[in-house]
Amino acid sequence: MNVLFVCTGNTCRSPLAEKILKDLRPDIVVRSAGTCAVTGDAISEKSKQILLQMDLETDHQAKKLDQADIDWANEIYAMTKAQVQELQMRFPNSSSKIKLVTDDNSDIPDPYGGSIEQYEITYYELKSAISEHFL
């Protein structure tokens, strides 16, 4: 199975989600991308700190979402309801495989520019949501 996580810049939420799922389910192939990402950008420093705290891989470079990513994925998880809608409008032929990462229809807020505590909250929200889907 190929799973794609999508956020805005691909430097905070979607890389965290990617690393969480890779750790929980090494049998699943996981990638991440961003709707407005600058390909090659580094992971945010605070996301990197959280991954180090959790003993997870920190190697990541941002990637701008493209059609090849959509075609590659069996399941696509966005961080917000607005991102789900945007992706379903941009890629209507793939709308059935685009879902919100949370089961309770809540958004995962972008911690970008926030405190390390906000990044920790984001990590645990993602871990909980991903565990519900994949464990």
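Summary of values
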read-out: For the stretch 2-128, share of DSSP beta bridges that run antiparallel, in % to the nearest 5; value: 5 percent
read-out: Alpha-carbon spread of the stretch 70-113, three principal axes, descending order, Å; value: 32, 22, 17
read-out: Span per principal axis, largest first, for the Cα atoms of the stretch 2-128 (Å); value: 39, 27, 26
read-out: Length gained when the stretch Asp23-Ser94 is fully extended (0.36 nm per residue, less Cα-Cα span); value: 22.9 nm
read-out: Options Ile43, Asn105, Ser94, ranked by Cα towards positive dipole end of the stretch 2-128, top entry (Cβ charges); value: Ser94
read-out: Value at 222 nm in deg cm²/dmol, rounded to 500, when DSSP H runs of n ≥ 4 in the chain each add -39,500 (n - 2.57); value: -12500 deg cm²/dmol
read-out: Whole-number D in µm² s⁻¹ for the stretch 1-77, Kirkwood Cα-pair radius fed into Stokes-Einstein, 10 °C, 1.306 mPa s; value: 130 µm²/s
read-out: Fluctuation leader among Ser44, Ser95, Ser32 - the chain, Gaussian network, Cα springs under 10 angstrom; value: Ser95
read-out: Net length gained if the chain between Asp66 and Ala82 were fully extended (0.36 nm per residue, minus Cα distance); value: 4.0 nm
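Bear in mind these aren't lab numbers, they're just calculated from the coordinates by the rules spelled out. Here the structure is a predicted model, which means the values were calculated and not measured. In this analysis, Cβ positions are derived from the backbone assuming ideal geometry, glycine residues included, and neighbour counts consider all displayed protein chains.
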